[in-house]
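Laboratory data are not the source of any read-out in this text; all were calculated from the coordinates shown. Just so it is clear, the model here is predicted, and its values are computed rather than measured. Cβ placement follows ideal geometry from the backbone for every residue including glycine, while neighbour counts extend to all protein chains displayed.
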Amino acid sequence: MADIKPDDYEWIRQFLYTQCANDLGQGKEYLISSRLGAVAREAGLADISALVTSLKARPLGGPLHQKVMEAMTTNETSFFRDGHPFAALEKQIIPRFLSSNSGRPLRIWCAASSTGQEPYTIAMVLRTNFPDVANRARILCTDVNATVLKRTTEGVYSQLEVNRGLPAQMLVRYFERAGANWRAKAELRSMMDPRVMNLAVPWIGIQPQDIVFLRNVLIYFDAKTKREIVTRIRNTLAPGGVLFIGGSESILGMDEGLSREQFGMSTVYRRAA
Amino acid sequence: MRFLVIDDSRAIRSLIIRMLKELGHQHAEAGNGREALDIIANNGPFDAALVDWNMPVMTGIQFVEAARAKPELAGMQIMMITTETEVERIQQALALGATEYLMKPFTREAFADKLAMMGLDKAA
Ligand SMILES: C[S@@+](CC[C@H](N)C(=O)[O-])C[C@H]1O[C@@H](n2cnc3c(N)ncnc32)[C@H](O)[C@@H]1O
Ligand SMILES: [Mg+2]
């Protein structure tokens, strides 16, 4: 693949920023080549430059724009990623919710749910340890990438995906074979409430949430966007609600109205009750 | 940690052993279940056995049964690493006492994740 022209780089950077607030920064030519090369080929275009020319000539929001945006998001995820947040959920967070609650349904939001391994992990923790809670819980799953979100609806995972992080006991209990793949059983799929959503755009109509997972997505935003999103998430948390962020992420200095709590290896942020 | 790698394919044994070394673990190897039991008899138990299913002389599932019949091996975890991917097979292995199950082919990340889940991520 030929080198990427500075103008084309800048156009793609701007495009991503307006579409999903992802801040590509500088020096990511290799990322563009590796991720958009295939998109260009598939569209019958010679190279990235031809792809950018074609994008400029089309209305924003069309299928090619969509493909480019989706190809540029990083969707890396796995079942039980990092482990300890789900231990904290099981041992501390949900028991506390139950002890302080009148029996209303638990509301959980996976705010960048990618291909769904994170919400399905939460669903398995609930079904296994708190079946009554699971019966009444819906997990709001949002992502800006409609293609990965569709996989959450389908709940179908390849062998390579179920090999990663999913205990064999959980695999046989909650999944069934679907050809060469594995499909989550209806008792998990029915808990998913998937919606396409850009976190960088103020949202309306999301009910107060008891638990928000906002993991491994803040890293793609600049400081201003990050602060805005964290503030909106805080305002969306129910009183006493908690926020999980990724293990390598920090919201230091953006956590007004949130108190830090440590559960083993997990840090969570709680909104005052 | 000390691992016993049991597979009739030399190539697969070396692949697994390379991953173990990268993670800082020690290992011994065996080409079938019988050989593995002999090694254990001579060297004492391992922290974990990583076991193929289909092998001559003594299969992986026979090894699981034999190992679980020995109280002195109760603390040894067993992970099946196999091309057998039917639900019934996985259930059978777990019911007989396998701790975990990894389906071939697998990635290095999947392998490391499984060891971490089993609490076997600390180097020797
Ligand atoms: C690396 S994945 C994280 C998945 C999961 N939360 C985890 O920790 O394993 C990041 C996800 O964030 C999504 N994303 C990126 N920008 C977004 C935005 N502005 N709004 C919503 N989702 C976004 C991507 O599409 C991608 O699926
Ligand atoms: Mg074999």
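If I build a Gaussian network model for chain A, linking alpha-carbon pairs within less than 10 angstrom, which residue out of A:G165, A:G247, A:G44 has the largest mean-square fluctuation? Comparing A:G165, A:G247, A:G44 in the GNM, the peak value goes to A:G44.
Students often get this wrong, so check it: of A:K67/A:K185; A:K5/A:K56; A:K5/A:K224; A:K185/B:K104; A:K150/B:K104; B:K21/B:K114, which have C-alpha atoms separated by over 19 Å? Walk me through the numbers before you get to the answer.
On the way: A:K67/A:K185 30 Å; A:K5/A:K56 15 Å; A:K5/A:K224 28 Å; A:K185/B:K104 23 Å; A:K150/B:K104 27 Å; B:K21/B:K114 16 Å.
Violating the 19 Å limit, Cα to Cα: A:K67/A:K185; A:K5/A:K224; A:K185/B:K104; A:K150/B:K104.
Each residue of the stretch B:39-55 was assigned a 3J(HN,Hα) from its phi angle through the Karplus curve 6.51 cos²θ - 1.76 cosθ + 1.60 (θ = phi - 60°); the sequence is 4, 5, 4, 7, 10, x, x, 10, 5, 7, 10, 10, 10, 5, 8, 8, 8 Hz, with glycine and proline shown as x.
How large is the charge dipole for the stretch B:2-117, taken about the Cα centre, if only the Cβ atoms of Lys, Arg (+1) and Asp, Glu (-1) carry charge, to the nearest 20 debye? Could the numbers behind the result be given before it?
Numbers: 12 positive and 16 negative charges, 47 e Å.
Charge dipole, the stretch B:2-117, about its Cα centre: 220 debye, nearest 20.
What is the helix-to-structure angle for A:48-57, meaning the angle in degrees between its Cα long axis and the longest Cα principal axis of chain A, kept from 0 to 90 and rounded to the nearest 10? With rounding to tens, the tilt is 80 degrees. Looking at the square roots a ≥ b ≥ c of the eigenvalues of the Cα gyration tensor of the stretch A:100-247, which shape do they give, rounded for a/c under 1.5, prolate if a/b is larger than b/c, or oblate? Judged from the Cα gyration tensor, the stretch A:100-247 comes out oblate (a/c at least 1.5, b/c at or above a/b). Counts of other chain beta carbons within 10 angstrom of each beta carbon in peptide B:101-113 average 4. Comparing A:Y9, A:L252, A:G103 along the charge dipole axis of chain A, the residue lying farthest to the positive side is A:G103, per the Cβ-charge model.
To the nearest ten degrees, helix A:63-72 and the longest principal axis of the Cα atoms of chain A are 70 degrees apart.
Per residue of A:168-174, how many C-beta atoms from partner chains lie within 10 Å of its own C-beta, taken as a mean? Before the final figure, lay out the partial values.
Numbers: counts 14, 6, 0, 6, 9, 2, 0.
Taking the mean over all residues of the peptide, I get 5.
What is the order of A:L218, A:L31, B:L73, fewest Cβ neighbours within 10 Å to most? List each step's numbers first, then the result.
Working: A:L218 21, A:L31 13, B:L73 18.
With the fewest neighbours first, A:L218, A:L31, B:L73 line up as A:L31, B:L73, A:L218.
Separation of the stretch B:1-20 and the stretch A:67-102, taken as the distance between their Cα centroids, equals 33 angstrom.
Arrange A:L140, A:L126 by Cβ neighbour counts within 10 Å, fewest through most, would you? Please report the intermediate quantities before stating the final value.
Details: A:L140 20, A:L126 24.
By the 10 Å Cβ count, ascending: A:L140, A:L126.
Find the Cα radius of gyration of chain A, compare it with 2.2 N^0.38 Å by division, and give the number to two decimals. Don't jump to the answer; show the numbers that get you there.
Details: Rg = 19.7 Å, N = 273, 2.2 N^0.38 = 18.5 Å.
Scaled against compact globular proteins, the figure is 1.06.
First check a/c for chain B, with a ≥ b ≥ c the square roots of the eigenvalues of its C-alpha gyration tensor; if it is under 1.5, answer rounded, and if not, answer prolate when a/b is larger than b/c or oblate otherwise. Rounded is the answer for chain B, as its axis ratio a/c remains below 1.5.
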